[in-house]
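See below for the structure under consideration.
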Amino acid sequence: QLRLVESGGGLVQPGGSLRLSCAASGRTLDDFASGWFRQAPGKERELVSCISADDDRLKYADSVKGRFTISRDRANNTVYLQLDKLKPDDTAVYYCAAREVPLRDRSACPVPLWQYEHWGQGTLVTVSE
């Protein structure tokens, strides 16, 4: 069983930065595409970024391009999301998710929320003065 645990959320001023971590256990993330989603108050959960199992493909929502960066540390079995130039509209609960992919699909980076089988509990990011 794959378990995902997010950390790194908190209160930050506009223009500030945070780094979110998604620590995986039970399985190696080498077999999974990974994604970060967020859900703001009163809004639906949306994809922020994803990274393929082989790190060849990365995607970002238009609203975060140029400000957020997704990465993977295989030695620590952890996926990160670096959040820079934060805005109040970035305030949300951020979730880590993973989708197991067959060997032939190691470069896949799925966008639909329903394709991810494994989810963390979320970490709250609040951007405010």
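A few points about this structure:
- Accessible surface comparison of Val48, Val5, probe 1.4 Å, protein chains only, largest first: the order is Val5, Val48.
- Where Glu117, Glu129 fall by accessible area, highest first, once all protein chains stay in place (1.4 Å): Glu129, Glu117
- Taking amide hydrogens as placed 1.01 Å from N in the peptide plane, the amide H of Thr91 sits under 5 Å from those of Val127, each at least 5 positions away in sequence or on another chain.
- Proximal charge balance of Gly35 [Cβ under 13 Å; K/R count +1, D/E count -1]: +2
- Cross-link reach list, lysines versus Lys65, counting only Cα pairs under 18 Å and skipping chain neighbours closer than eight places: Lys85, Lys87
- Value of D in µm² per second that Stokes-Einstein yields for the chain, Kirkwood Rh from Cα pairs, at 10 °C (1.306 mPa s): 110 µm²/s
- Each DSSP beta bridge with both residues in the chain is either parallel or antiparallel, and the antiparallel ones are about 95%.
- Taking the convex hull of Cα positions in the stretch 76-129, its mean projected area over all directions (nm²): 5.3 nm²
- Put a plus charge on the Cβ of each Lys and Arg, a minus charge on the Cβ of each Asp and Glu, and nothing anywhere else: the dipole of the chain about its Cα centre is then about 60 debye.
- Per-q log10 I(q)/I(0), the stretch 1-73, q = 0.11, 0.21, 0.22 Å⁻¹ (Debye; single scatterer per alpha-carbon; no solvent): -0.31, -1.11, -1.20
- Lys/Arg +1, Asp/Glu -1 at C-beta; the stretch 30-103 dipole; positive extreme among Ser52, Val64, Tyr80: Val64
The values are calculated or read from the model by the stated rules, or taken from the named source; none is laboratory data. Note that the structure is a prediction, hence the values are computed from the model and not measured. When we count neighbours, we look across all protein chains shown, and the Cβ atoms used for this are built from the backbone with ideal geometry, even at glycine. Note: accessible area is taken over every heavy atom of the protein model, side chains too, but ligands, DNA and RNA are not part of it. Shrake-Rupley method; radii C 1.70, N 1.55, O 1.52, S 1.80 Å.
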